[in-house]
Every structure is written in C-alpha cells, then in structure tokens.
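The values are calculated or read from the model by the stated rules, or taken from the named source; none is laboratory data. Because the structure is a prediction, the values reported are computed rather than measured. Cβ: placed from backbone, ideal geometry, glycine included. Neighbour counts: every protein chain shown. The area values use the complete protein model at the heavy-atom level, side chains included, leaving out ligands, DNA and RNA. Shrake-Rupley method; radii C 1.70, N 1.55, O 1.52, S 1.80 Å.
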Amino acid sequence: MTDLPTGTLTLFFSDIEGSTSLLSRLGSRYGEVLSTQRKIMRAAFSRHHGYEMGTEGDSFFVVFRSVADAVNAACEAQRGLTEHAWPEDVRVGVRMGLHTGEPTRHEDGYLGMDVHRAARVAACAHGGQALVSEPTYRIAVAQPMYFLDLGWHRLKDIPEAEHLYQLAAEGLPREFPPPKSLGSRATLPLPPTPIVGREAELAQLHGLITATDVRLVTLSGPGGCGKTRLAIAAAAGLADHFPDGIYFVPLEEVSSADVMWTTIAEVLGVGGDASARATVLEQLAGRRSLLLLDNLEQLTGAADVVAELLAAGPSGAVLATSRRPLHLLEEYEHPVPPLTLPTAEDAAEQFPTSGGYDANRQESGAVELFIQRARMVKPDFAVTPDNRASVAEICRRLDGLPLGIELAAARVRLIGPRALLSRLDASLEITGVRRGRPARQQTLRSAIAWSYGLLPADQQGAFRRLGVLAGGGDFAACAAVTGTAGDPLDLLSHLVDASLVQLDEDADGEPRMRLLQTIASFARERLAESGELEQTRRRHAEHYLAAVEVLAPQLHSNRFLVTRDRIEIELDNLRAALDWALDTDGPAAPSPSTIEIGLRLCQELSWFWYACGYHSEGRRWLSRGVEAAAGRESPALMTTLHGLGVLMLQHGKEAQSRDALLTCLEFWRREGDLSKISLELNSLACTYRVLGDADTARSLFEESITTAQGAGDDGRRATALSNLGILEADAARVDRAVELFQEALELDQQLGDTWGVATDHTNLAAAMVQAGRVPEAHETLRQHARASLALGDVELSINLLETWCVVFAELGEPATAARLFGATTALRRSAEIPIAAPDAVLVERSISKVRDLPDANTWAANVATGSKFSLHDALAEAMQERSDER
C-alpha cells in the first residue's frame with residue numbers, strides 16, 4: 001500500500017456493540033449480519049474516499065485525507081445501519097470514533113499516539129453513536145454539520161483529557177448514555193432510581209463536606225443501611241465544589257493497602273502497581289477533587305492510606321463509607337441511620353375509626369422505599385387499609401435497612417404483603433440468630449435467606465456457586481462456575497428477578513454479572529455449608545486458567561494494550577483463583593493438582609506482572625507458587641521460578657536471581673527444550689551483567705542467540721540480541737551495539753511485538769547517545785516515548801526517561817537533565833527498582849558534565865523539583881522543544 005496518504009489525516013475506528021450477545025441470539029445468521037454491516041460500511045468508505053487499513057471480526061480501521069469525508073462517511077454508514085431491516089428485528093449498533101492527527105507511516109499502516117487516541121475515542125461510544133475528538137470537531141464544525149458537546153473525558157492510557165463531541169446529523173439517534181470513558185467531572189455510578197427518605201441527611205452532608213475546614217467525612221453504619229447510596233447521592237451534588245473531579249472507588253473486593261492503592265490508581269486512570277502509591281499522591285497534589293472510597297471496613301491499613309491521601313492533596317477531600325470509623329484526627333463521622341420507620345400505630349392490625357384512613361398521608365422513608373421498589377415489579381401496587389399494617393411491619397422487622405427492604409419489595413410481584421410478612425417470619429426462624437453479629441446484620445441476613453429460600457433448588461445451587469466470582473464475571477465465567485451448559489442468560493434473569501444478582505455492561509457492551517458484597521458473602525457461606533465450595537472454586541480457577549492461557553500470548557503481539565485491559569478486568573478473579581490454588585495456610589494442604597493450577601496461573605501471568613507494572617504483586621504470587629510446590633520439579637514450577645528470578649533481579653536481588661535461573665537452566669537442559677534454554681541463558685546473562693561479570697554475560701547471550709536460532713524462536717533471539725547490544729554499549733563498542741539493536745528491532749517489528757519494539761527504540765536511542773548521535777537519539781525518543789509509556793511498564797518508562805536525562809545532559813541543558821534525573825531517581829525508589837551498576841556508570845558519565853552548571857545548588861534544586869514529577873509530568877518535561885530549537 002505505497003500510495004497511503006501522509007500528513008494530517010482523520011482516523012476512523014468502529015466495531016459492533018454487544019457482538020457476542022448478537023452471535024448467541026442469531027447463531028448461524030450472525031454471519032449474514034456481519035456481511036451486511038461490512039457492505040454498508042464499505043460503501044460509505046468508498047464514496048467518501050476512505051482508505052481501509054484493516055478489519056478484524058466486526059471492527060474497521062479506516063483513514064481519510066479530509067475531515068469532511070470522514071464525518072460524512074460515518075454519518076452515511078450510521079444512517080444505512082439504522083435504516084436496514086435486520087434479521088429477527090435485532091438492533092445492530094455500531095460504535096464509531098474519529099480523531100484527526102498526524103500518525104507515522106510504518107510499513108503498510110500507521111503508528112503513534114494518534115492511532116491509539118482514535119481507538120480510545122471509539123471505545124467510549126455506544127452502539128449507533130459516532131464520537132469525534134476536539135481536533136476533528138474544530139475542522140468539521142466549519143461544515144454544515146451538527147454536533148453535541150459531551151464535555152471533557154479521560155481516556156484509558158491517554159494522560160490528557162479529551163473533549164468529545166457527538167455527530168448529531170439528521171436521521172441519526174441522539175439520545176445515548178454518557179460516554180464510556182474513565183470519567184468526566186465525576187465517575188459516580190448512575191443509580192437506577194431516585195433516592196428516597198434521605199432529604200435531611202443529604203442537606204446535612206452537603207453542608208458538612210463543603211465546609212472549609214472539613215476534608216474527611218466517613219459514613220458509618222451496619223451493612224445494608226444505605227451508606228453507599230447516600231454517599232453517591234451526596235457526591236452527585238458537589239461537582240461545582242470539586243472542579244478537578246469526583247471519583248468513585250469501589251473497595252469491597254480489596255483486602256490490603258497495596259491493592260487499595262492500585263484500585264485508586266485505576267479509577268484515576270493512572271494504573272499500575274509498583275508505583276501506584278506515588279502515582280496517586282502525585283496525581284492528587286494541588287487538585288480540588290473528591291475521592292469517594294466505598295467499603296473500607298475490611299481494610300486494616302485503610303486509615304494510613306486515607307491519611308496519606310489527605311496530606312498529598314490539601315485542596316481535596318475524602319468521603320468514605322465504612323462499618324466503623326477510621327479514627328483519624330481529621331475525620332468527621334456521620335452515622336447513617338436506617339430509614340425512618342412507620343409508627344407502632346401504622347403497624348397495628350386495626351386502625352382507629354376516628355378520622356378514618358388518609359390515603360394522602362406522608363409515608364415514612366422505609367415505607368416510601370418499599371412502595372418505590374414494589375412498583376418497579378408491580379406498577380399498580382399501592383398501600384391500602386388492607387395491607388398497610390403488613391407493609392409497616394415488614395419495614396420494622398427489617399429495621400429500615402434499605403437492602404432488606406429492596407429484596408422484600410421485589411417479591412410483591414408474586415405474593416401480597418401479608419403473605420410476604422409471614423414468609424419473612426418463617427425465614428427468620430429457620431435462619432436463626434448467629435452470635436457475634438450485630439442485630440441489624442442478623443435481620444438483613446434473614447432477608448437474604450428468605451429471598452434465597454424462594455428459589456427452586458437448581459437456582460439456589462447456581463446462586464451459591466456464583467459467590468466464588470470476585471468482582472463479578474462475564475457470562476462464560478457464570479456458566480463455568482454454575483455448571484450451566486450454553487448461555488446462562490435465562491438462569492441469571494431468574495436471579496435478577498429475585499434481586500440477588502445484578503447485570504451490568506462492560507466497556508464492550510457485553511453483560512457482566514455482579515453480586516452485592518453482603519449477598520456474595522451469604523452465597524459463599526451457603527456454598528461452604530453445601531459441601532460444594534472446593535469443587536466450585538476449582539471450576540472457577542480452571543476457567544480463569546483457560547482464559548489467561550488464551551490471553552497471555554497476545555501480550556507479545558500488537559494487541560498488547562487490548563490484552564492488558566482484558567486481563568486487568570479479571571484481576572480480582574485471577575487473584576481469588578491464585579489464593580485458592582496456593583493456600584498453604586488453610587486447614588488442609590492443597591493437592592498436587594491444585595498447586596499445579598496455581599503454578600500454571602503464575603506461568604501465564606508472569607509476563608503480565610513484569611510488562612504491565614505489577615512487579616510487587618507478581619513477586620508475591622510467584623514466591624507463593626514456588627513455596628507451595630515445595631521443590632517438586634515440573635515445567636510449570638520452573639516457569640514460575642524463572643518469573644520470580646527475573647523480578648528478583650529487577651528488585652536488586654542479583655544473587656538470588658542467579659541461583660533461581662541456574663536451577664531453571666539445568667532443568668530445561670535436561671528436558672531439551674531449546675526455546676526455554678535460550679530464555680534462561682538470556683535472563684542469566686542479564687544477571688551476570690548486573691553482577692559485573694561481563695565476559696560470562698557475553699558468552700551466555702551469544703549462546704542464547706544461537707540456541708534461539710536453532711529453536712526457530714525469533715522472539716527469544718530478538719530479546720537476546722537487544723540485551724547483548726546493551727552489553728556491547730557498556731564496553732563502548734557502540735557501533736556493534738547499534739547493529740544489534742537494529743537487528744532486534746527488525747525482528748520485533750516482524751513479530752508485531754509492541755513491547756519489544758518499544759524496548760528496542762529506547763535501547764537504540766541510548767546507544768546513539770554514546771555514539772555521539774545525540775540529536776538523532778532525541779528525535780527517536782520524541783517519536784516513540786508516548787507509545788512506550790502507554791504500555792504501563794514502569795521499568796521501561798524509567799529507562800526511557802533516564803535515556804532522555806542523558807540526552808539533555810549531552811546537549812548542555814542542565815536544568816532539564818536535573819529534573820529528569822530527580823524524577824527517575826524518585827520513581828526507582830518508589831517502584832523498588834534500583835538502577836543496574838553499568839547503567840549508573842553511563843548516566844553519571846553524562847550528568848557529571850553539567851552537574852555544576854551554573855552551580856551545584858541549582859542542580860540540586862532542579863533535582864528536588866523533578867523528584868515530585870509523575871511519569872506523565874516527566875514526559876511533558878522531556879517533550880518540550882530543546883533550547884537550541886527555540
């Protein structure tokens with residue numbers, strides 16, 4: 001495709017929303033739908049001079065020379081799709097995204113952040129909707145076209161917020177939910193119904209949170225009292241007071257401070273693990289934002305985390321929900337009471353005759369909520385003289401706790417309030433009181449047990465098994481853990497009707513099952529009582545092992561970002577599977593087959609942990625895997641030990657890393673697996689380089705290259721070539737180093753290895769500096785830096801910024817060099833990734849030339865400034881135009 005356009009282009013991405021659901025519904029006829037969709041889309045592209053770059057499944061990537069052509073093509077395609085009569089009256093909603101920029105030509109396609117940005121814009125759209133970025137809108141608005149302003153939104157892996165607009169031409173749908181971004185001014189969940197019975201609390205909370213001396217408010221109370229719902233309603237009215245964002249952080253599945261930091265980072269859109277704490281604190285510094293931290297009671301280190309958050313962002317505030325206060329000096333505790341209850345007179349069997357019955361009387365908050373929820377399943381439901389006493393008594397028996405009331409009211413569709421009340425009594429008697437639990441929790445559990453008791457036996461079993469899913473699961477996971485053959489939609493719909501299960505949409509428009517925390521805990525307890533817990537957790541672990549076995553290899557391809565996102569969605573489930581398989585502290589030791597599942601999970605996830613910034617967490621799991629295996633040699637154990645050895649080297653444990661990798665090498669030599677032998681030789685050579693034994697390292701690198709070539713493994717060969725290039729650069733054989741990096745780059749580009757390509761470019765730039773080709777190194781970094789940082793690999797990002805530090809030092813720009821040196825030093829300390837001795841020598845060689853320019857104090861001040869930078873702040877510093885270009 002040598003005639004592809006260059007310069008300023010408009011990039012178009014699209015796919016079908018909910019394609020999996022369509023395939024499940026239509027079966028073989030889905031092929032007809034897919035072909036028709038492609039025909040309609042391609043006709044529009046052709047008429048408006050689009051260049052189709054690729055299609056995969058139901059997706060398209062097309063480029064246009066003209067913004068007008070791109071927008072007209074999108075408009076025409078959406079009209080054609082809307083007007084077409086689809087089989088079985090299904091709705092085929094295609095989501096589209098357009099962005100205008102200057103992508104870099106590469107082989108038969110394009111590279112660069114503009115490509116990623118266009119894809120992220122499309123990912124924010126809903127089926128039938130076309131979104132455009134600010135650059136596209138600015139040009140298109142001059143044409144006779146109409147757009148809706150959707151405001152500023154944060155896109156995944158894009159540091160800057162993006163202003164999004166919706167194409168709203170004649171004949172196109174205009175009403176859509178908010179874009180599926182990481183959030184705009186607020187990331188609050190959208191409640192399904194208005195809040196009732198909380199007017200006084202909302203007014204009180206609004207005044208409290210906006211007071212100038214209040215920075216931490218904790219909503220406390222028992223489970224099911226409505227803390228989360230009240231917090232969301234309160235935060236929703238505070239957008240003007242917190243212009244830098246309101247962020248909802250769900251922590252119900254989190255049990256440690258480390259994962260709490262990671263979860264907050266993910267909500268803020270800055271991701272990661274090893275540097276999550278530092279990144280979050282830097283992100284919040286100086287911003288007027290509100291963090292809504294939901295469900296803290298199970299986190300023993302939550303108070304320390306909140307204290308650091310408050311210290312880092314003196315202009316921001318925290319609104320927390322917890323069953324117990326945090327006991328911090330800054331804390332204003334707001335106990336959340338149950339909803340107001342009906343009076344004893346309302347609950348009496350007989351009403352006084354004087355005055356008669358007042359149908360317009362003001363209801364209590366609890367009764368108001370019952371009526372609201374009952375009418376959702378039975379629209380004509382009303383409180384009458386005949387059922388008022390029963391409704392009032394139900395609310396009183398449930399202590400006014402919203403969750404219990406919602407569960408009870410959902411049954412009005414099947415039975416009336418009087419029968420409901422008698423069943424509630426029976427359920428309470430059957431369940432009984434569990435000692436040590438608060439009274440309100442006993443009542444709430446009784447409400448859940450009652451709802452569970454109404455299910456047929458097969459649905460009870462399925463509900464129990466769904467309790468093993470941590471953070472919910474897609475339909476495939478639901479089918480796996482419940483043992484359902486085929487689509488579990490019918491089963492889940494029954495559980496949704498019972499108000500025990502919720503269905504949400506994921507970022508691709510696919511359904512995802514979710515259980516409330518209290519209900520999930522109940523399900524797991526019943527599962528344990530049934531004797532099915534071990535069997536179900538095994539099915540859960542086996543399902544996620546199979547899923548990650550498919551996903552993990554794609555991290556070595558051009559689908560790196562998409563694959564990383566998919567794995568991150570299931571991290572809670574993967575953690576739960578690992579915790580079960582590697583649980584050596586339980587009452588019974590895991591069986592060898594169970595440990596093997598854990599080792600295989602470690603094997604598949606080891607590269608994800610390394611390349612996606614989860615270094616500390618990965619090291620913990622890999623250590624548990626090695627300990628659980630207790631020396632029983634197997635391929636899975638050796639792969640786990642290898643991953644641990646690599647991370648130990650990264651964290652400065654060179655001797656332990658060497659010993660682990662030598663054990664792995666001996667095993668694979670006995671097995672005769674050339675690809676694995678090459679892998680171990682390469683990693684072992686990296687260890688010897690850091691240990692200062694360059695001769696041994698060189699010998700091992702060369703053997704790794706030869707072995708990989710014999711195995712026909714170009715991926716292993718590219719890695720070893722690149723690492724040998726680093727060693728040659730250490731020895732000042734720069735020309736040879738450049739040759740090796742270029743050879744590795746060609747191989748990685750042929751393989752489509754996004755991570756490998758990013759690493760090669762960084763290494764190549766470092767070698768160019770040593771060769772005196774500093775301006776060329778600077779330009780290489782400018783072209784590839786954003787794409788490299790978007791991968792989320794903390795060590796790769798630090799290496800890139802260190803190379804840029806050296807570039808600016810060699811260019812005689814001490815201020816920028818010092819700030820980048822301060823940033824990388826602080827980032828290494830935060831991530832617990834020390835710089836290797838040979839790399840430290842090269843950095844010192846360059847910065848020593850400018851450390852005293854104009855004086856040592858100025859250098860130290862700039863280093864201190866840079867030490868406060870986040871990764872994205874450091875990138876912004878480095879991407880500025882050099883002084884000789886200004």
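Restricting the range 47-90 to residues that are at positive phi and free of Cβ contacts under 8 Å to residues at least 40 places away in the same chain, the residue that is least open to solvent (accessible area, probe 1.4 Å) is HIS49. For the range 202-214, filtered to residues that are part of a helix (DSSP H, G or I), in contact with a His (Cβ under 8 Å, 6 or more places away or on another chain) and open to solvent by 30 Å² or more (accessible area, probe 1.4 Å), the residue that is farthest from HIS327 (Cα to Cα) is GLN204.
Here LEU820 does not fit the description of being assigned to a helix (DSSP H, G or I), open to solvent by less than 50 Å² (accessible area, probe 1.4 Å) and in contact with a Lys or Arg (Cβ under 8 Å, 6 or more places away or on another chain).
A single entry from THR762, THR754 fulfils the requirement of being within 32 Å of the chain's Cα centre (by Cα), in contact (Cβ under 8 Å) with a residue 40 or more places away in the chain and closer than 19 Å to ALA874 by Cβ: THR762. For the range 368-387, the set of residues classified as open to solvent by less than 10 Å² (accessible area, probe 1.4 Å) and either without any contact (Cβ under 8 Å) to a residue 24 or more places away in the chain or touching a Phe, Trp or Tyr at 6+ places or on another chain (Cβ under 8 Å) (or both) consists of ALA374 only.
Candidates are the residues of the range 557-590 that are open to solvent by less than 30 Å² (accessible area, probe 1.4 Å) and assigned to a loop (DSSP other than H, G, I, E, B); the one that is farthest from ARG538 (Cα to Cα) is SER557. Looking at the range 29-51, can you tell me whether even one residue there is touching a His at 6+ places or on another chain (Cβ under 9 Å), of a type outside the set (Lys, Arg) and farther than 20 Å from ALA119 by Cβ? Yes, because at least one residue in the range 29-51 is touching a His at 6+ places or on another chain (Cβ under 9 Å), of a type outside the set (Lys, Arg) and farther than 20 Å from ALA119 by Cβ. In the range 478-512, the qualifying residues are those that are open to solvent by 70 Å² or more (accessible area, probe 1.4 Å) and acidic (Asp, Glu), and the one that is nearest to HIS126 (Cα to Cα) is ASP508. Of the residues VAL63, VAL90, VAL94, the single one that is more than 13 Å from THR136 (Cβ to Cβ) and in contact with a Gly (Cβ under 8 Å, 6 or more places away or on another chain) is VAL94.
For the range 548-556, the criterion of being open to solvent by less than 30 Å² (accessible area, probe 1.4 Å), out of contact with any Leu (no Cβ under 8 Å at 6 or more places or on another chain), without any contact (Cβ under 8 Å) to a residue 60 or more places away in the chain and not small (Gly, Ala, Ser) is satisfied by at least one residue. Scanning the range 530-587 for residues being of a type in the set (D, E, K, R) and within 18 Å of the chain's Cα centre (by Cα) gives a total of 8. Might you let me know whether the range 36-59 holds any residue that is in contact with a Leu (Cβ under 7 Å, 6 or more places away or on another chain), closer than 24 Å to LEU155 by Cα and of a type outside the set (Gly, Ala, Ser)? The answer is yes; a qualifying residue exists. If the condition is being surrounded by fewer than 18 Cβ atoms within 10 Å (Cβ to Cβ) and more than 16 Å from LEU641 (Cβ to Cβ), then the range 591-624 contributes SER591, PRO592, SER593. Does the range 523-543 include one or more residues that are of a type in the set (Val, Ile, Thr) and open to solvent by less than 50 Å² (accessible area, probe 1.4 Å)? Looking through the range 523-543, at least one residue is of a type in the set (Val, Ile, Thr) and open to solvent by less than 50 Å² (accessible area, probe 1.4 Å).
Out of LEU641, LEU674, LEU637, LEU662, one residue alone is open to solvent by less than 20 Å² (accessible area, probe 1.4 Å), at negative phi and either among the charged types (D, E, K, R) or touching a residue at least 12 places away in the same chain (Cβ under 8 Å) (or both). It is LEU637. Answer with yes or no whether GLY710 is surrounded by fewer than 17 Cβ atoms within 10 Å (Cβ to Cβ) and at positive phi. Taking the combined requirement at face value, the residue does not satisfy it.
In the range 302-338, what residues are hydrophobic (A, V, I, L, M, F, W, C) and either touching a strand residue (DSSP E or B) at 6+ places or on another chain (Cβ under 7 Å) or open to solvent by less than 10 Å² (accessible area, probe 1.4 Å) (or both)? Once the filter is applied, which keeps residues that are hydrophobic (A, V, I, L, M, F, W, C) and either touching a strand residue (DSSP E or B) at 6+ places or on another chain (Cβ under 7 Å) or open to solvent by less than 10 Å² (accessible area, probe 1.4 Å) (or both), the range 302-338 yields ALA302, VAL305, VAL306, LEU309, LEU310, ALA317, VAL318, LEU319, ALA320, LEU326, LEU328, VAL336. Looking at the range 215-240, which of the residues that are more than 28 Å from the chain's Cα centre (by Cα) and open to solvent by 10 Å² or more (accessible area, probe 1.4 Å) is modelled with the highest pLDDT? If we take residues in the range 215-240 being more than 28 Å from the chain's Cα centre (by Cα) and open to solvent by 10 Å² or more (accessible area, probe 1.4 Å), then GLY221 is modelled with the highest pLDDT. Of the candidates GLY404, GLY365, GLY356, the single residue that is modelled with pLDDT under 90, within 40 Å of the chain's Cα centre (by Cα) and either surrounded by 12 or more Cβ atoms within 10 Å (Cβ to Cβ) or among the small types (Gly, Ala, Ser) (or both) is GLY404.
For the range 831-874, the tally of residues that are open to solvent by less than 50 Å² (accessible area, probe 1.4 Å), in a helix (DSSP H, G or I) and within 18 Å of ALA276 (Cβ to Cβ) stands at 3. One residue alone among THR104, THR100 is under 30 Å from HIS761 (Cβ atoms), open to solvent by less than 20 Å² (accessible area, probe 1.4 Å) and touching a residue at least 40 places away in the same chain (Cβ under 8 Å), and that residue is THR100.
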